[in-house]
Amino acid sequence: MVKDKPEGPRSIALVGPYSSGKTTLLESILHICGETDRKGSVTAGTSVGDSAREARERQMSVEVNAAHVNYLGDDFYILDCPGFIELFQETENVLRGVDAAVIVCDPDEARAVTLTPLLKSLEEKKIPTFIFVNKMDKARGSVHTLFNSLQAVTERALVLRQVPIFKDGIISGYVDLASERAYVYKEGEASRIIDLPPEMAEEEGTSRFAMLEKLADFDDHLMEELLEDIKPEREEIYALLQHDLREGLVTPVFLGSAENDSGVRRLLKALRHEVPAASVAAARVGIDSTGKPVVQVLKTYMSAQGGKLSLARIWAGPVADGDSFAAGRIGGIFRLQGAKAEKCDKAVAGEIVAFGRLDQAMTGDILRTDGTERLPETAILTPVFSFALAPEKREDEVKLSLTLAKVQEEDNSLKVEHRQETQELLLWGQGEIHLNIAIDRMRNKYGLNVKARRPKIAYKEAIRKMATQHARYKKQSGGHGQFGDVHIEIRPLPRGSGFNFEERIVGGAVPRQYIPAVEHGVREYLAEGPLGFPVVDVAVTLVDGQFHSVDSSENSFRSAARLAMSEGMPKCDPVLLEPIYKIEISMPSEHTSRVNSIVSGRRGQILGFDARAGWDGWDVLSAMIPESEIHDLIIDLRSATLGLGTYRGEFDHLQELTGQGADKVLQQARN
């Protein structure tokens, strides 16, 4: 059984939903630990974190903020992660390199379900986790009801560590269930110990026994003590809490108010005594913390001047300034305190520091002296929203490509696509706000203004019936003229067949050397059919023709073929085709009916439902939806599902579009 307090530097991730108060909690921790003379404010723009202009303007975290504190002699490296769902990749990247996570949430039981994706990620990674219920000074419901709502969205056993003390309907303190001591909050100061209020005796006894029962599920000795009505020793309880947290068996739940510094010191004491040593996390990910230096890049920061900082977890050390890895030579080691960087000579295992000039290192990389392990593509969230980008100034096209590369280095959930079908440069991400943050960063940091708009849809066209066409291209302009004469058949092919060219020339009506030119001319025309879009699923057969021994050439037959196609295709009853995507939408079951309505309202065809594997109370809906209806689908899904709905999609087939929908597309194409 673990008993001694873990030693050495340890790293903590502050995670949780948007507006839960993570940055405020960080400010409280920094102030309590003496790192700041005055506690900063998110709304006032004075916080240590969120220093970027994009964060200040939105009053929310837009990237990971790094800080470090010393609490009662123990060093902690704290990573404050964005809570906005569209920035979840930042959190995912960070969780790979921390010793523990603190989930910050508000006391609204109805929003407990919003923690599900985060809890799932922490459980899969086997990361020790605490829950800090923030804003308890504004709580209105029952703590036990909230606790039950939280337990319903996690597989780990939750252990309530405190019960609140109320005075005149306001939380004035708490009872610590492990120590059986009562405390009263003192604003801006440490809580003061008091006698347990008599009216709290029954609730304290019931809540403490419930905590012990949870711990007894994992310890036979404690179970025997409870059955024999033996009161366990306090040290035994603390040892069990420490052990079960490290093993991922329980998640302790603390209460407080970061804005008032209430409960923050109690949380810090729990972190100090219960967060496992750095070597435990190293063993969890299969790294020998006593071997050669190993570091993992958790975040990449780029300066406007092009300098690069790689925020990294030291798995095995020490690492000194000037040391070399396979990805390059370290050009400076820095401990970050928000936007401030403190230069240091070396870092040891457990620390999270920033390295300068590791230009070859990417977010997620595990760096060794003899090699680099690259983050698998599956670890990057699937993009669900896109904008078509173009520089405001035409001469900035090269600068746009260079800037996008830098922005992608900072945020690896952004994806750039050069779509040949529509001749557009697309920036993909997790939502509209996510992309707007990236666009603002391009302007604020790199001085590049871009235009963003909804991407075009890659419509196609096909034909419904067969036609034959004769065309002659003849031109005389002095000297050799141009002459090409072709007879072609145009016929439709089954959907998805593409293009097929054949010839049935007999008797040398068209010399063999000119037949490829005929196919070339046909293909040139098919790039834009009579409706204005590329033509697919069509077969063209050259059946006859004529040539001139002097004036015929490849160019003349290519021109004749284009002319035949332009005259023959309108006779083939052309029809517009729109791309249809097969998508899978994941959402809590309670929101499935709303999602059904969203899909139906977007001309979607629902294929079926299934339970989401490993996610109790979640559904997966399969559907076919036109690409034109998918662009802002994620916005509606999140709006209808407390931000939890998401989807994956891929192109499936082309489908005829007729009626008013087709008329609208054709009208827009002409304008």
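Being under 30 Å from Ser172 (Cβ atoms), outside any helix (DSSP H, G or I) and polar (S, T, N, Q) is the filter here; which residues of the range 256-294 pass it?
Ser257, Ser262
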Inset, instruction - Output yes when any residue across the range 215-236 is in contact with a strand residue (DSSP E or B) (Cβ under 7 Å, 6 or more places away or on another chain), surrounded by fewer than 16 Cβ atoms within 10 Å (Cβ to Cβ), not hydroxyl-bearing (Ser, Thr, Tyr) and not assigned by TED's automatic domain parsing to the domain that holds Val319, and no when none is. - result: yes
Inset, instruction - Take Val62 and decide whether it is over 27 Å from Val348 (Cα atoms), without any contact (Cβ under 8 Å) to a residue 60 or more places away in the chain and within 27 Å of the chain's Cα centre (by Cα). - result: no
Inset, instruction - Could you figure out which of (1) more than 20 Å from the chain's Cα centre (by Cα); (2) assigned to a strand (DSSP E or B); (3) crowded, with 18+ Cβ neighbours inside 10 Å isn't true of Ile583? - result: (1)
Legend entry - Hey, Ser20 buried (at least 20 other Cβ atoms within 10 Å of the Cβ), closer than 22 Å to Asp108 by Cβ, free of Cβ contacts under 8 Å to residues at least 60 places away in the same chain and among the small types (Gly, Ala, Ser) or not: no
Inset, instruction - Return yes or no: is Gly604 farther than 30 Å from Gly508 by Cβ and surrounded by fewer than 16 Cβ atoms within 10 Å (Cβ to Cβ)? - result: no
Legend entry - Near pairs, Cβ below 6 angstrom, 6+ apart or cross-chain, from the range 163-187 (assigned by TED's automatic domain parsing to the domain that holds Pro232 and within 15 Å of Asp137 (Cα to Cα)) to any residue that is surrounded by fewer than 20 Cβ atoms within 10 Å (Cβ to Cβ) and among the basic types (Lys, Arg): Val184/Arg192; Lys186/Arg192
Legend entry - Identity of the residue in the range 368-393, in a strand (DSSP E or B) and modelled with pLDDT of 95 or more, that ends up nearest to Lys456 (Cα to Cα): Ala388
Legend entry - Output for the range 297-332, where each listed residue is polar (S, T, N, Q) and closer than 26 Å to Gly447 by Cα: Thr300, Ser303, Gln305, Ser310
Legend entry - Given (1) touching a His at 6+ places or on another chain (Cβ under 7 Å); (2) not assigned by TED's automatic domain parsing to the domain that holds Gly529, index of the condition Ile437 fails: (1)
Inset, instruction - Return only the number of the condition from (1) assigned by TED's automatic domain parsing to the domain that holds Ile165; (2) within 30 Å of the chain's Cα centre (by Cα) that Pro293 does not satisfy. - result: (1)
Inset, instruction - Being without any contact (Cβ under 8 Å) to a residue 60 or more places away in the chain and not in a strand (DSSP E or B) narrows it down to one of Gly350, Gly322, so name that one. - result: Gly322
Legend entry - Qualifying residue in the range 510-524 (condition: in contact with a strand residue (DSSP E or B) (Cβ under 9 Å, 6 or more places away or on another chain) and either farther than 18 Å from Asp485 by Cβ or in a strand (DSSP E or B) (or both)): yes
Inset, instruction - Select from the range 23-47 the residues that are assigned to a loop (DSSP other than H, G, I, E, B) and either crowded, with 24+ Cβ neighbours inside 10 Å or under 23 Å from the mean Cα position of the chain (by Cα) (or both) and list them in ascending order. - result: Ser47
Legend entry - Close pairs from the range 84-103: first in contact (Cβ under 8 Å) with a residue 24 or more places away in the chain and farther than 16 Å from Leu414 by Cβ, partner assigned to a loop (DSSP other than H, G, I, E, B) and basic (Lys, Arg), Cβ under 9 Å, at least 6 apart: none
Inset, instruction - For Ala462, indicate whether it is crowded, with 20+ Cβ neighbours inside 10 Å, farther than 23 Å from Asp632 by Cα and modelled with pLDDT of 95 or more. - result: yes
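Only one of Ser600, Ser628 is in contact (Cβ under 8 Å) with a residue 60 or more places away in the chain and in a helix (DSSP H, G or I). Can you tell me which?
On inspection, the qualifying residue turns out to be Ser628.
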Inset, instruction - Six or more apart or on different chains, Cβ under 7 Å: which pairs go from a residue in the range 386-409 that's in the same structural domain as Asn444 (by TED's automatic domain parsing) and surrounded by 20 or more Cβ atoms within 10 Å (Cβ to Cβ) to one that's part of a strand (DSSP E or B) and aromatic (Phe, Trp, Tyr)? Could you list them? - result: Ser386/Trp428
Legend entry - Failed item in (1) without any contact (Cβ under 8 Å) to a residue 24 or more places away in the chain; (2) exposed (fewer than 13 other Cβ atoms within 10 Å of the Cβ), with Asp370 passing the rest: (1)
Inset, instruction - Find the strands (runs of 3 or more DSSP E) located wholly in the range 144-217 whose residues include 3 or more that are more than 25 Å from His243 (Cα to Cα), and list them. - result: 162-167, 170-176, 181-186, 189-194
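Table: residues versus (1) part of a loop (DSSP other than H, G, I, E, B); (2) within 30 Å of Gln655 (Cα to Cα); (3) in contact with a Ser or Thr (Cβ under 9 Å, 6 or more places away or on another chain).
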| site | (1), (2), (3) |
| --- | --- |
| Ile439 | no, no, no |
| Lys445 | no, no, yes |
| Lys451 | no, no, no |
| Ala458 | yes, yes, yes |
| Glu461 | no, yes, no |
| Thr468 | no, yes, no |
| Arg472 | no, no, no |
Legend entry - Test set (1) outside any strand (DSSP E or B); (2) at pLDDT 95 or above - Gln667 fails condition number: (2)
Inset, instruction - With the condition kept exactly as written, say whether any residue in the range 650-657 is surrounded by 13 or more Cβ atoms within 10 Å (Cβ to Cβ), under 25 Å from Ile85 (Cα atoms), in contact (Cβ under 8 Å) with a residue 40 or more places away in the chain and among the charged types (D, E, K, R). - result: no
Inset, instruction - Test His273 against the stated conditions and say whether it is more than 30 Å from Arg329 (Cβ to Cβ) and within 37 Å of the chain's Cα centre (by Cα). - result: yes
Legend entry - Selection from the range 272-325 of residues that are surrounded by 20 or more Cβ atoms within 10 Å (Cβ to Cβ) and closer than 30 Å to Pro164 by Cβ: Glu274, Val275, Pro276
Inset, instruction - Looking at (1) outside any helix (DSSP H, G or I); (2) modelled with pLDDT of 95 or more, find the lone condition where Ser61 falls short. - result: (2)
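The values are calculated or read from the model by the stated rules, or taken from the named source; none is laboratory data. Bear in mind the structure is a predicted one, so any value in this text is a computation, not a measurement. No Cβ is skipped: glycine too gets one built from the backbone with ideal geometry, and neighbour counts run over all protein chains shown.
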